[in-house]
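Shown next, in structure tokens, is the structure this report addresses.
The values are calculated or read from the model by the stated rules, or taken from the named source; none is laboratory data. Being a predicted model, the structure only gives us computed values, none of them experimental. Because the Cβ atoms are built from the backbone with ideal geometry, glycine has one as well, and the counts that use them run over all protein chains shown.
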Amino acid sequence: MYKKPVIVFEGIECSGKSYHINNVSKYLKKKRISFIRIREPGGSLNSEKIRKLILSKKSNFEVKTDLLLYLAARNENIKFLRKFYKKKIILIDRFVDSTIAYQHYGFGISHKIIDYLNKFILKDFDINFTFLNIVNSKNMKKRLKQRKKLNRYDKFQLGFYKKIQNGFLKISKKKLHKYMIIDSNKDIHENKEIIINQIQKLIK
């Protein structure tokens, strides 16, 4: 479908997105297929510095400050991403839709402002496909308890995450041809197979 697609893994905390991007990375390495992988916030040197600031349990930023920090981290990555755009497969752990889901649907910041700032940063950089990982509250709570370290975004009320996930689902409905919903409440091996099959189709 695409020679060198940009593929994003989205979802709330403990939805399995990082697990599956790891698995896809292993698959591409095994097949000796060239790719790059990045996470948000983070990825580049400066973006990783901003990530530590955002996620620190000691931080207590106003919601607009959080938005601008996330976008600053993205701006630090875009030069690196453009270097490989349409030249290598690009895997991204969280991207534009996370900003909309958390900062708009979660914290109530204007969708128009977020869209404007993203377009200002990204310009013609497009996402080809997104895997949206969803999880129910019971499994999320169980998985959070198993984490050795929790950051600031791991400590909201469960109702907040439900609101975020509903935001992701609303976004996905507008982009049906570019989205695949992965129910992480189901068998993980079954989901791994579903995702790898879709990856194979995307990179044909």
Scan of region 11-38 for residues that are buried (at least 20 other Cβ atoms within 10 Å of the Cβ) and part of a strand (DSSP E or B), ordered by number
Gly11
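Residues are listed down the side, and each one gets a yes or a no for (1) within 18 Å of the chain's Cα centre (by Cα); (2) on the phi > 0 side of the Ramachandran plot; (3) of a type outside the set (Asp, Glu):
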{"residue": "Val6", "(1), (2), (3)": "yes, no, yes"}
{"residue": "Ile12", "(1), (2), (3)": "yes, no, yes"}
{"residue": "Leu28", "(1), (2), (3)": "no, no, yes"}
{"residue": "Ile33", "(1), (2), (3)": "no, no, yes"}
{"residue": "Val63", "(1), (2), (3)": "no, no, yes"}
{"residue": "Glu76", "(1), (2), (3)": "yes, no, no"}
{"residue": "Ile90", "(1), (2), (3)": "yes, no, yes"}
{"residue": "Ser98", "(1), (2), (3)": "yes, no, yes"}
Consider region 159-187. How many of its residues are loosely packed, with under 13 Cβ neighbours inside 10 Å and of a type in the set (A, V, I, L, M, F, W, C)?
1
Looking at region 23-42, is at least one residue among the polar types (S, T, N, Q) and either without any contact (Cβ under 8 Å) to a residue 12 or more places away in the chain or in contact with a Cys (Cβ under 7 Å, 6 or more places away or on another chain) (or both)?
no
For region 64-94, name all the residues that are within 13 Å of Ile7 (Cβ to Cβ) and surrounded by 20 or more Cβ atoms within 10 Å (Cβ to Cβ).
Ile89, Ile90, Leu91, Ile92, Asp93, Arg94
Sole miss for Tyr116 among (1) over 14 Å from the mean Cα position of the chain (by Cα); (2) buried (at least 17 other Cβ atoms within 10 Å of the Cβ) is condition (2)
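Residue-by-condition table, conditions (1) free of Cβ contacts under 8 Å to residues at least 12 places away in the same chain; (2) touching a Leu at 6+ places or on another chain (Cβ under 6 Å); (3) assigned to a helix (DSSP H, G or I); (4) of a type outside the set (A, V, I, L, M, F, W, C):
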{"residue": "Ile50", "(1), (2), (3), (4)": "no, yes, yes, no"}
{"residue": "Leu53", "(1), (2), (3), (4)": "no, no, yes, no"}
{"residue": "Asp66", "(1), (2), (3), (4)": "no, no, yes, yes"}
{"residue": "Leu81", "(1), (2), (3), (4)": "no, no, yes, no"}
{"residue": "Thr99", "(1), (2), (3), (4)": "no, no, yes, yes"}
Tell me which residues, restricted to region 130-163, are part of a helix (DSSP H, G or I), closer than 18 Å to Arg94 by Cα and in contact with a Ser or Thr (Cβ under 9 Å, 6 or more places away or on another chain).
Met140, Arg152, Tyr161, Lys162
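Matching residues to (1) modelled with pLDDT under 95; (2) of a type in the set (Val, Ile, Thr); (3) over 20 Å from Ile194 (Cα atoms):
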| site | (1), (2), (3) |
| --- | --- |
| Tyr2 | yes, no, no |
| Val6 | no, yes, no |
| Glu13 | no, no, yes |
| Ile21 | no, yes, no |
| Ser25 | no, no, no |
| Arg32 | no, no, yes |
| Glu40 | no, no, yes |
| Gly43 | yes, no, yes |
| Glu48 | no, no, yes |
Looking at region 50-63 only, could you name the residues that are among the basic types (Lys, Arg) and surrounded by 15 or more Cβ atoms within 10 Å (Cβ to Cβ)?
Arg51
